[in-house]
1. Between the stretch 378-407 and the stretch 77-152, what is the separation of their alpha carbon centroids in Å?
2. What Rg and what Dmax come out for the stretch 115-266 when only alpha-carbon atoms are used, in angstroms?
3. Compactness ratio of the stretch 531-574: Cα Rg over 2.2 N^0.38 Å, N = residue count?
4. Net charge near G96: determine it from the other residues with C-beta under 12 Å of the C-beta of G96, scoring Lys and Arg +1 and Asp and Glu -1.
5. Measure of size requested: the Rg and Dmax of the stretch 398-469, with Cα atoms as the atom set and Å as the unit; please supply both.
6. With just the Cα atoms defining each centre, how far is the stretch 1-76 from the stretch 410-432? Give it in Å.
7. Going toward the positive end of the dipole of the stretch 591-637, with +1 on Lys and Arg Cβ and -1 on Asp and Glu Cβ, which of M607, S623, S636 do you reach last?
8. From the Cα gyration tensor of the stretch 1-125, with a ≥ b ≥ c the square roots of its eigenvalues, which class applies: rounded if a/c is under 1.5, or else prolate if a/b is larger than b/c, or else oblate?
Amino acid sequence: MAKIKRRGESGAAKNYVTRNQALKKLQISLSDFRRLCILKGIYPREPLNKKRANKGSSAPASFYYHKDIQYLLHEPLLVKFREHKTFAKKLARALGRGEYALAKNLEDAKPVARLDHLVKERYPTFTLALQDLQDPLNLVHLFSTLPTNPIPGKTLVPSEIIAECSRLISEWKVWAIRTHSLRKVFLGIKGVYYECDVPGQGGETVRVRWLEGYEFQQHVPTDVDFRILLTFLDLYRTLLSFVMFKLYTEENLVYPPPLDVELDEQGESVGAFRLVERKAGTEGADGTGKVSKKAVRKAIKGIKASGIDADVEMDEDAEVDEEKDEDEDFVERPSKAQEVEDVAPAPLTTYNSLLATSSTPSTSKQSLLFSPYTFYLSRETSSRTWEFVIRALGGKVVTSLTATSPDSAANADSITHVIVDRPMTVERMREMEAGRKWVWIQPQWVADCVNRQKVIGAEGYQPGQLLPPHLSPWDGEGDVYRPWLEDQEKAQAEAADEAAENDEAEQDEQEGSDDESESEDAEAEAATYPPALLASARDPTNATLLHAAELEAETNGVSHTAFRAQLKEATKANASKTPATAAPAKGEEDLRKIMMSNKKSKLYEKMQYSNKQKAEEKERLESKRQAIEKKKRKQSKA
């Protein structure tokens with residue numbers, strides 16, 4: 001006899017559980033369950049049939065996989081949550097009874113939940129952690145810009161968390177400056193976008209892109225649930241700490257880098273940190289005093305990959321308080337005729353010299369973009385942004401904190417570029433230069449040089465001038481849609497075909513070329529307009545095409561009034577050629593199809609198929625008719 005199949009014991013009802021069922025099974029509160037799901041990366045699921053998953057009930061509910069809830073039963077954080085609940089009860093009881101000594105002891109023994117094991121679970125390899133580093137950097141920077149003076153009842157973020165987020169961002173920038181890994185910069189509406197090349201496992205390079213908001217006064221919103229954001233922030237801070245330790249260790253640097261308190265109080269951002277190398281011979285690759293053979297082979301492999309034979313050049317910005325050791329080179333093999341006494345002068349190469357040489361970046365100091373230049377940042381520019389960008393590409397920076405004006409700086413003669421973001425007269429600039437040859441530019445010049453990987457001319461970037469367009473450097477994201485280029489290629493192909501046909505029957509089609517000349521005249525009239533203007537006239541509702549047409553008119557020196565008149569004429573001419581009934585957009589069709597029932601959607605697909613077949617048949621008959629008429633025309637001329 002077959003086993004009786006009972007309702008709710010198999011299928012969707014078995015695979016899914018509701019949120020209330022999960023809370024009862026885990027025996028935790030809703031806030032703890034939400035926090036646990038965020039930390040473990042478990043999200044609600046959408047079953048194919050909600051009614052079956054809810055065992056016949058049609059009440060609205062959130063569903064989770066049954067296996068995910070079973071997985072949460074063995075989570076060590078559950079024990080910490082229960083310990084914290086017990087601690088809160090004991091603390092409230094002690095405060096209610098006035099036992100303040102007991103309350104202080106309880107506060108000192110407060111249970112703390114560590115998230116190290118979650119980072120290892122969610123990111124088994126270092127490359128996976130780097131690939132998911134965009135959101136942590138964005139959120140950590142967002143919290144680092146919040147006001148640090150807490151307002152009771154309004155500011156829900158502790159000042160210690162804000163200070164730690166600011167420290168993590170500065171440490172990330174210090175590493176990028178040390179390794180010169182910055183590749184692209186884009187000044188967007190939301191803020192400044194950066195992209196760095198970070199070395200992952202096995203020599204694989206991972207591109208990390210993050211966003212930093214502009215330095216404006218931040219107002220803490222009241223309608224944002226900071227408990228959820230702080231839960232994400234706890235995980236992201238732990239992840240960034242792991243990543244920073246790995247990156248600094250690979251560069252043979254001490255983590256965390258020491259902070260100069262005096263410079264930090266003066267307002268320095270990345271300049272307040274000092275990079276200190278790890279002492280030679282203290283630790284091996286595995287953290288012990290011994291050096292394994294595997295670590296030595298890895299260091300030698302890094303030397304072969306980079307192809308560097310010279311000694312390591314220390315960055316000028318890294319202030320290391322160590323004595324300079326003697327250079328360690330390989331000992332050449334002596335010849336037989338050479339005496340043994342001549343062999344001894346140079347010491348053998350050690351593991352630390354191999355490690356330092358293999359960790360040296362392939363780009364030398366001289367090959368960096370801004371290495372020969374010294375920049376002065378005026379007080380109205382964002383020193384936090386442009387100091388990071390310039391120093392990451394090898395340049396030197398003099399900020400307004402050290403000198404109120406470029407002519408009052410101690411090393412004013414070495415300054416090559418002055419970055420100003422306000423209008424300034426030529427007389428004032430010449431007065432401040434005092435015979436020096438300074439290049440006066442706006443901040444966008446630096447970003448454009450970084451994106452083009454070369455130092456461009458300063459024409460068009462002087463203070464007070466209208467800057468050129470600043471497009472996104474990433475492929476496909478900043479490219480403006482230019483359909484007129486496709487139209488131009490199509491028109492050229494059609495013109496070539498027509499020219500070939502005209503060459504073959506040039507004498508026979510002299511009388512019947514009136515219609516073709518009229519069409520060519522119409523095309524010539526359309527060609528008198530710029531291509532971007534034609535594309536905007538064909539799609540007047542597209543703001544991107546309109547902006548591109550305006551930029552093109554501005555480049556050509558056309559006034560705004562003349563541009564509007566040309567656009568109106570081109571739109572009117574294009575409207576007369578466009579058919580009255582246009583097919584609906586694909587997105588609208590998809591929305592309509594979503595709202596249909598299954599029966600109506602199938603009927604709609606049949607109708608669309610039949611309409612497509614009729615259109616193809618009509619097009620085929622039309623082309624055949626045109627070919628027959630052309631043949632008759634030739635026969636009549638003959």
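The values are calculated or read from the model by the stated rules, or taken from the named source; none is laboratory data. Please read these numbers as outputs of a predicted model, since none were measured by experiment. Neighbour counts run over all protein chains shown; Cβ positions are idealised from the backbone, glycine included. These area figures cover heavy atoms from the full protein model, side chains too; ligands, DNA and RNA do not enter into them. Shrake-Rupley method; radii C 1.70, N 1.55, O 1.52, S 1.80 Å.
1. Cα centroid to Cα centroid, the span is 37 Å.
2. That works out to 16.0, 50 Å for Rg and Dmax.
3. 1.00
4. That works out to +3.
5. Cα-based Rg and Dmax for the stretch 398-469 come out at 12.6, 36 Å.
6. 66
7. Result: S636, furthest along the dipole toward the positive end.
8. Verdict is prolate for the stretch 1-125.
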